[in-house]
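Chemist: Please read through the structure below; I'll follow up with questions.
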């Protein structure tokens, strides 16, 4: 929370292109418009710090796309999304054991998928998977689930095996296997004494109560569903960018706030996907946001099968050879300014006011201090002396 509060303020200093500490004040060499550039916190839960990280991640993923057929052989299709969701009865248990049970969610989802894909009735090959953890719904309530991007095929003996035109694996069978594997993982962790059973989960210390919970979970139908497949790499990358580097709520969804409440937009999927506005008190809004903060150093994006970190390079080379595809071109390393221009279409060096002048650094201010009072008193639209005459470091 402290990182989000201090993001892009004087407390974190600035980011010049030269080696210096402190924030940077840029001025337009035409109209004199002033811009103060502060460092971002780079916290993965900060809504302001994910755009450039998302672009960098997507650049790395571009080299891994495969031209594989999926539902329609005459259409370039890169894969499909499968979503694994946990039922509400287990949410409290997961809250108290986040690191342990989020990890189990990843492992058992991959175990269920790889087991079905190994069956020759469906694929008979080793697939790949990129899995992304989400813990929220549109109204910021707790809703742990993972989005899995699966290519339309897999490797068998060094040869590429394409998936069927109709489906990759049957979703109902996948749901049953996933349910059984996750419940078995809960039982193993309970018997080994690894589960934290405090607070709302205190009653589960009783073995009979825990067994009753497992029976109820096995009696339910767990939600595992497949989204329509992608029609090309552009759609896949667009989807990845929307889900991989995402926080519980972005600034664009906040409609208004006053001294007591915060209003934000949300989609009610139970009411025909209608967009609504929710009003929450400050404490409740912050509580809902902070319950989605992940454990420190917990990896929320994971890779499996032929896309795993250990096998990716060799497996992708085999896939391209089997598909007769050329290796991807070497992508240039982009600076943050170029990446920002790609993501937003805005040139950071061009004045946002007049659109003609160049923004040049005129003042460095030590970290932890605000900008000079004389500049703030003049306002952001008052012209400074020409940038060339003001570039000396104070």
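Chemist: So residue 317 clears everything in (1) part of a loop (DSSP other than H, G, I, E, B); (2) surrounded by fewer than 16 Cβ atoms within 10 Å (Cβ to Cβ); (3) in the same structural domain as residue 149 (by TED's automatic domain parsing) except one condition, right? Which one?
Modeler: Failed condition: (1).
Chemist: Take residue 363 and tell me if it is at pLDDT 75 or above, outside the structural domain of residue 147 (by TED's automatic domain parsing) and touching a strand residue (DSSP E or B) at 6+ places or on another chain (Cβ under 9 Å). Spell out how you get there, then give the answer.
Modeler: Working: at pLDDT 75 or above: no; outside the structural domain of residue 147 (by TED's automatic domain parsing): yes; touching a strand residue (DSSP E or B) at 6+ places or on another chain (Cβ under 9 Å): yes.
Answer is no for this residue.
Chemist: Also, I was wondering about something else. So, in segment 242-266, exactly how many residues are in a strand (DSSP E or B) and either surrounded by 15 or more Cβ atoms within 10 Å (Cβ to Cβ) or more than 22 Å from the chain's Cα centre (by Cα) (or both)?
Modeler: At the first step, the residues of segment 242-266 found to be in a strand (DSSP E or B) are 254-257, 261-266.
From what's left, either surrounded by 15 or more Cβ atoms within 10 Å (Cβ to Cβ) or more than 22 Å from the chain's Cα centre (by Cα) (or both): 255-257, 261-264, 266.
Qualifying residue count, segment 242-266: 8.
Chemist: Determine which single condition residue 296 fails, assuming it passes every other condition in (1) surrounded by 13 or more Cβ atoms within 10 Å (Cβ to Cβ); (2) under 17 Å from residue 247 (Cβ atoms).
Modeler: (1)
Chemist: So residue 123 clears everything in (1) buried (at least 20 other Cβ atoms within 10 Å of the Cβ); (2) modelled with pLDDT of 90 or more; (3) more than 23 Å from the chain's Cα centre (by Cα) except one condition, right? Which one?
Modeler: (2)
Chemist: Which one of these is modelled with pLDDT of 60 or more and either part of a helix (DSSP H, G or I) or on the phi > 0 side of the Ramachandran plot (or both): 302, 339, 279? Spell out the reasoning first.
Modeler: Values: 302 fails: either part of a helix (DSSP H, G or I) or on the phi > 0 side of the Ramachandran plot (or both); 279 fails: either part of a helix (DSSP H, G or I) or on the phi > 0 side of the Ramachandran plot (or both).
So the residue among 302, 339, 279 that is modelled with pLDDT of 60 or more and either part of a helix (DSSP H, G or I) or on the phi > 0 side of the Ramachandran plot (or both) is 339.
Chemist: Of 174, 213, which residue is in a helix (DSSP H, G or I), surrounded by 15 or more Cβ atoms within 10 Å (Cβ to Cβ) and at pLDDT 95 or above?
Modeler: Details: 174 fails: at pLDDT 95 or above.
One residue alone meets the criteria, 213.
Chemist: Do the conditions hold for residue 302, that is, is it in contact with a strand residue (DSSP E or B) (Cβ under 8 Å, 6 or more places away or on another chain) and either in the same structural domain as residue 151 (by TED's automatic domain parsing) or surrounded by fewer than 15 Cβ atoms within 10 Å (Cβ to Cβ) (or both)?
Modeler: On the way: in contact with a strand residue (DSSP E or B) (Cβ under 8 Å, 6 or more places away or on another chain): yes; either in the same structural domain as residue 151 (by TED's automatic domain parsing) or surrounded by fewer than 15 Cβ atoms within 10 Å (Cβ to Cβ) (or both): yes.
So residue 302 fits the description; yes.
Chemist: Output the number of residues of segment 108-160 satisfying the condition of being within 21 Å of residue 317 (Cα to Cα) and assigned to a strand (DSSP E or B).
Modeler: 12
Chemist: Looking only at segment 55-76, decide whether some residue is within 23 Å of the chain's Cα centre (by Cα), crowded, with 18+ Cβ neighbours inside 10 Å, outside any helix (DSSP H, G or I) and at pLDDT 75 or above.
Modeler: No, every residue in segment 55-76 fails to be within 23 Å of the chain's Cα centre (by Cα), crowded, with 18+ Cβ neighbours inside 10 Å, outside any helix (DSSP H, G or I) and at pLDDT 75 or above.
Chemist: As an exercise: evaluate residue 190 against (1) closer than 14 Å to residue 90 by Cβ; (2) at pLDDT 95 or above; (3) loosely packed, with under 13 Cβ neighbours inside 10 Å and give the number of the one condition it does not meet.
Modeler: Failed condition: (3).
The values are calculated or read from the model by the stated rules, or taken from the named source; none is laboratory data. Because the structure is predicted, anything quoted here is derived from the model rather than measured. Cβ sites come from the backbone with ideal geometry, for glycine too, and all protein chains shown count toward neighbours.
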